[in-house]
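Below is one structure; the comments refer to it alone.
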Amino acid sequence: MKIDADLILKLRTERGWSQEELAEGSDLNLRTIQRIETTGVGSLRSKRSLASVFDLDIQDLDSKESPMSPCPECKSEEVYESTTLSDTTTIGGELLPKLATRKFSSAKMRPVICSDCGLLRFFVDPEAVNKMKTSKHWNRV
Ligand SMILES: [Zn+2]
């Protein structure tokens with residue numbers, strides 16, 4: 001399964017641990033640590049051990065591959081995401097009904113634009129996505 005290799009490397013170097021020390025601390029062998037840091041692939045058992053040694057939840061080690069790139073239209077990787085979330089009320093009424101996370105707020109979306117073909121997509125913020133799954137106002141199709 002996919003493991004965020006950059007994060008493992010960062011956490012390990014922050015603590016000043018060698019790969020050997022991490023292997024010892026996580027009860028994994030050195031080759032496993034090396035493989036995870038270079039390929040970002042490891043078993044569930046390895047992922048659990050690493051989460052535990054760094055005192056994190058296992059999903060914190062999920063690889064952060066972006067669902068936004070490449071562009072689904074032209075396959076370009078020149079994709080830009082806005083650093084601010086758009087309020088759906090400013091975009092056009094209740095675009096995402098009943099997904100606001102607070103009573104007087106609206107659901108948020110992140111605009112993502114491909115600089116090669118201009119395709120604009122909106123990604124709904126994760127809180128709203130979670131809310132949608134259990135909302136009676138949204139049906140799975
Ligand atoms: Zn494109």
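Matching residues to (1) more than 16 Å from the ligand (Cβ to nearest atom); (2) within 30 Å of Glu37 (Cβ to Cβ); (3) out of contact with any strand residue (DSSP E or B) (no Cβ under 7 Å at 6 or more places or on another chain); (4) in a helix (DSSP H, G or I):
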residue	(1), (2), (3), (4)
Gln59	yes, yes, yes, yes
Ser63	yes, yes, no, no
Ser66	no, yes, yes, no
Ser76	no, yes, no, no
Phe104	yes, no, yes, no
Asn130	yes, no, yes, yes
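Can you pull out every residue in segment 107-120 that is without any contact (Cβ under 8 Å) to a residue 12 or more places away in the chain and assigned to a loop (DSSP other than H, G, I, E, B)? Full working, then the answer.
From segment 107-120, those without any contact (Cβ under 8 Å) to a residue 12 or more places away in the chain are 118, 120; that's our starting set.
Within segment 107-120, just Gly118 meets the criteria.
Screening segment 24-41 for residues that are at pLDDT 90 or above and in contact with a Ser or Thr (Cβ under 7 Å, 6 or more places away or on another chain) and picking the one that is surrounded by the most Cβ atoms within 10 Å (Cβ to Cβ) gives Ile36. So for segment 42-56 (the condition being out of contact with any His (no Cβ under 6 Å at 6 or more places or on another chain), part of a loop (DSSP other than H, G, I, E, B), more than 16 Å from the ligand (Cβ to nearest atom) and modelled with pLDDT under 90), does at least one residue qualify? No - not one qualifying residue is present in segment 42-56.
Look at segment 107-141 and say how many of its residues are farther than 21 Å from Pro67 by Cα and crowded, with 17+ Cβ neighbours inside 10 Å.
Step one: list which residues in segment 107-141 are farther than 21 Å from Pro67 by Cα, which gives 134-139.
After this cut, where a residue has to be crowded, with 17+ Cβ neighbours inside 10 Å as well, the list is none.
Number satisfying all stated conditions: 0.
Residue count for segment 78-102 under the criterion of being within 16 Å of the ligand (Cβ to nearest atom) and assigned to a strand (DSSP E or B): the result is 3.
Under the condition of being touching a residue at least 24 places away in the same chain (Cβ under 8 Å) and surrounded by 17 or more Cβ atoms within 10 Å (Cβ to Cβ), the residues counted in segment 86-106 number 4. Regarding Asp116, is this residue of a type in the set (D, E, K, R) and away from the ligand (no atom under 15 Å from the Cβ)? When the stated conditions are applied, Asp116 does not pass them. Filtered by the rule that a residue be closer than 13 Å to Arg48 by Cα and part of a helix (DSSP H, G or I), segment 1-22 gives a lone residue, Ile8.
Going through Ser76, Ser69 one at a time, which residue ends up being among the polar types (S, T, N, Q), without any contact (Cβ under 8 Å) to a residue 40 or more places away in the chain, surrounded by 14 or more Cβ atoms within 10 Å (Cβ to Cβ) and under 30 Å from Leu9 (Cα atoms)?
Details: Ser76 fails: without any contact (Cβ under 8 Å) to a residue 40 or more places away in the chain.
When all the criteria are applied, what remains is Ser69.
Of the residues in segment 26-39, at least one is assigned to a loop (DSSP other than H, G, I, E, B), free of Cβ contacts under 8 Å to residues at least 24 places away in the same chain and on the phi < 0 side of the Ramachandran plot.
The values are calculated or read from the model by the stated rules, or taken from the named source; none is laboratory data. Not measured: the values here are computed from a predicted model. Positions of Cβ are generated from backbone atoms using ideal geometry, with glycine treated the same way; all protein chains shown enter the neighbour counts.
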